[in-house]
Amino acid sequence: MRSSAKIVLAWLILAGSAAVAQNQFVLRVQQGTTVQTIADGGTITFSSEGIGQGLVATLAITYRGTTTASINGFELTGSTDFLTVTGAEIPVTLNNTDNTTLTMQVQFNPTANGRFTGRLAVNFTEGRTTANITVNLLGLLPDFSFSYTPPRGNQTFLPAGGTIAFPD
């Protein structure tokens with residue numbers, strides 16, 4: 001076997017073992033009364049109704065593998081309108097026999113209108129495999145604008161708090 005083929009084969013084995021390890025976790029997200037299971041690489045969507053009106057999602061990570069997994073840490077990247085809070089000391093070991101779960105809150109507190117993205121990467125070690133569980137974050141705050149068109153006139157943008165002057 002040529003050396004380049006050996007390298008590709010080794011990479012495929014490592015990539016495959018990371019994918020298998022990531023399937024050992026169950027990710028549950030609760031937003032209000034809604035609970036859903038998401039896959040590694042899945043997205044948590046937050047739809048806020050106004051600037052400063054924060055929303056919270058609780059992410060529960062449960063290990064279902066055959067041994068133990070150590071959650072080594074996590075990294076939040078992207079918009080600063082996202083924040084994570086965990087109630088557990090990190091690192092934490094999750095065991096398959098006692099259904100231990102790591103629970104963390106992800107908060108979205110929009111500071112402006114628009115679309116915000118983030119990424120939460122949870123680093124874990126299972127046996128000799130070290131990898132990340134990835135959760136994408138999407139925050140939405142609609143950006144509404146108003147305008148008016150007077151008779152025989154042009155459309156005019158109406159700023160927040162603006163007034164419309166009606167003809168006599």
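When the Cα gyration tensor is reduced to axis lengths a ≥ b ≥ c, the ratio a/c is 1.5 or higher for segment 129-168, and with a/b above b/c it is classed as prolate.
In this structure ASP40 has an accessible area near 60 Å², from a 1.4 Å probe over the protein heavy atoms. Within segment 31-139, the proportion of C-alpha pairs whose separation exceeds 20 Å stands at 41%. The residues neighbouring LEU137, those whose beta-carbon lies less than 12 Å from its own, together hold a net charge of +1 under the Lys/Arg +1, Asp/Glu -1 convention. Accessible area per residue was computed with a 1.4 Å probe on protein heavy atoms; THR33 scores about 140 Å². Here the contact order of segment 61-168, divided by its residue count and restricted to Cα pairs under 8 Å and six or more residues apart, works out to 25 percent. Ranking of ARG128, ARG119 by solvent-accessible surface, largest first: ARG128, ARG119 (1.4 Å probe, protein heavy atoms only, all chains present). Computed on protein heavy atoms with a 1.4 Å probe, the accessible areas place ILE44, ILE90 in the order ILE90, ILE44, largest first. A cut-off under 15 angstrom between Cβ atoms defines the neighbours of ILE51, and their net charge, with Lys, Arg +1 and Asp, Glu -1, is -2.
Rolling a 1.4 angstrom probe over segment 34-168 with all protein chains present gives an accessible area of which 50% lies on carbon and sulfur atoms. By the helix-only formula, in which each DSSP H run with n ≥ 4 contributes -39500 (n - 2.57) and the sum is divided by residues, the chain has a 222 nm mean residue ellipticity of -4000 deg cm²/dmol. With protein chains left intact and a 1.4 Å probe, residues in the chain average 63 Å² of accessible area per residue. The GNM of the chain, with springs linking C-alpha atoms under 10 angstrom apart, assigns the highest mean-square fluctuation among ALA57, ALA131, ALA88 to ALA88.
The values are calculated or read from the model by the stated rules, or taken from the named source; none is laboratory data. Treat the numbers as computed from the prediction; the structure is a model and nothing was measured. Virtual Cβ from ideal backbone geometry, glycine too; neighbours counted across all protein chains shown. Note: accessible area is taken over every heavy atom of the protein model, side chains too, but ligands, DNA and RNA are not part of it. Shrake-Rupley method; radii C 1.70, N 1.55, O 1.52, S 1.80 Å.
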